[in-house]
Amino acid sequence: MMSLRQCSATLVAIIALTVSSSYVHAGDYVSIDASHDVSLYYEQAGEGTQVVLFVPGWTMTTGFFKNQLAHYAESKSVRFITYDPRAHGRSTKTVDGADYATHAADLKAFIDALGLENVVLGGWSWGGVTVYEYLSEYGTDALTGVILMDQTPRPLPLGQDSWTDGSGDAAQKFFRSFVTDRIGAVKEFIPWMFTKGVSKADAAWMLEDSMLTPTTVAALLLYDGWMVDHRETIQSITIPQLHVVRADQRTYAEAYLKTHVPNAEREFLGGHGHFFDHADAFNAKLDAFLGELK
């Protein structure tokens with residue numbers, strides 16, 4: 001009988017043969033939890049003392065940042081890194097640690113294992129929850145800046161007109177859709193993220209990558225992500241912050257950030273996956289933010 005690692009490797013090999021060649025994975029692994037044999041898959045581009053480390057969202061992977069990897073491929077000043085979180089993508093599959101506090105501990109171990117310093121830490125969607133958890137537990141000693149990509153510190157609403165990830169009813173509806181027809185739910189979720197649309201080839205590998213996270217893990221993280229509250233965390237950060245929020249959330253996000261994090265930079269762009277289909281505009285803002293840090 002094949003081990004879980006062997007099964008995972010076989011599945012990845014099958015996907016590599018069947019998914020469109022529009023995105024080719026070529027990365028490496030680092031061990032972050034030897035006692036439980038957990039390794040994280042990561043990709044990087046460019047070189048330099050300024051490190052940018054992006055964390056993908058719920059069930060998402062390094063592939064979603066392919067436009068940023070391409071943007072920094074020849075950079076001599078910026079080293080761009082992104083990784084598949086525990087049980088995501090090509091990283092070790094384990095049901096243990098299916099919560100964002102553990103994902104934050106993994107992030108700390110990842111930074112330590114690669115000896116990273118001067119890190120601009122970015123989190124997209126519930127990868128942003130990982131970032132909030134990291135900041136809350138480990139602070140900013142290794143960091144020079146923080147970027148949150150369409151992620152409120154409090155996913156569930158607190159009263160009317162609050163900056164949220166959706167209503168309680170919407171959360172319940174998506175969870176029910178997920179547990180009854182996971183593929184169907186993700187197929188609907190993927191095009192929702194992109195205001196410019198997404199090609200069939202890209203949608204295919206995005207779906208395949210999302211499905212690499214075991215369903216039990218995905219469900220546990222789905223619950224855990226809705227429950228967090230990092231309003232105090234976001235207000236405690238003293239290093240530069242950049243929030244890039246989807247355009248249709250501008251009214252609520254801008255009001256919240258102006259009131260509670262007035263020194264944070266704000267950009268309102270596209271949809272939930274703005275860095276992908278509005279890559280040129282996003283990358284320009286990222287470059288400007290990095291320039292300001294210098």
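Annotations for the structure displayed:
- Scanning the stretch 6-46 for residues that are at pLDDT below 95, surrounded by fewer than 15 Cβ atoms within 10 Å (Cβ to Cβ) and closer than 25 Å to D141 by Cβ gives A34, S35.
- For the stretch 205-245, a residue qualifies if it is surrounded by fewer than 17 Cβ atoms within 10 Å (Cβ to Cβ), over 19 Å from T92 (Cβ atoms) and aliphatic (A, V, I, L, M), and the qualifying residues are L207, M227, I239.
- Selection within the stretch 167-188 - modelled with pLDDT of 90 or more and not in a helix (DSSP H, G or I): D181
- Within the stretch 157-176, residues that are closer than 11 Å to Q249 by Cβ and surrounded by 12 or more Cβ atoms within 10 Å (Cβ to Cβ) have Cβ atoms under 7 Å from residues that are among the hydrophobic types (A, V, I, L, M, F, W, C) and at pLDDT 85 or above in these pairs: W163/A253; T164/L156, counting only partners at least 6 apart in sequence or on another chain.
- Within the option set S210, S236, being closer than 21 Å to F175 by Cβ and of a type in the set (G, A, S) holds for one residue only, S210.
- Check on V119, more than 23 Å from D277 (Cβ to Cβ) and touching a helix residue (DSSP H, G or I) at 6+ places or on another chain (Cβ under 6 Å): no
- Each residue in the stretch 32-63 was checked for being of a type in the set (A, V, I, L, M, F, W, C) and more than 9 Å from the chain's Cα centre (by Cα), and 8 of them qualify.
- Residue within the stretch 138-154 that is touching a residue at least 24 places away in the same chain (Cβ under 8 Å) and part of a helix (DSSP H, G or I) present: yes
For (1) surrounded by fewer than 20 Cβ atoms within 10 Å (Cβ to Cβ); (2) assigned to a helix (DSSP H, G or I); (3) in contact with a strand residue (DSSP E or B) (Cβ under 8 Å, 6 or more places away or on another chain), each residue gets a yes or a no:
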| residue | (1), (2), (3) |
| --- | --- |
| Q68 | no, yes, yes |
| T82 | no, no, yes |
| P85 | no, no, yes |
| A98 | no, no, no |
| E117 | yes, no, yes |
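- When restricted to residues that are touching a residue at least 24 places away in the same chain (Cβ under 8 Å) and closer than 21 Å to F268 by Cβ, the stretch 222-250 contains 14.
The values are calculated or read from the model by the stated rules, or taken from the named source; none is laboratory data. Fair warning: this is a prediction, and the values are worked out from it, not measured in the lab. Virtual Cβ from ideal backbone geometry, glycine too; neighbours counted across all protein chains shown.
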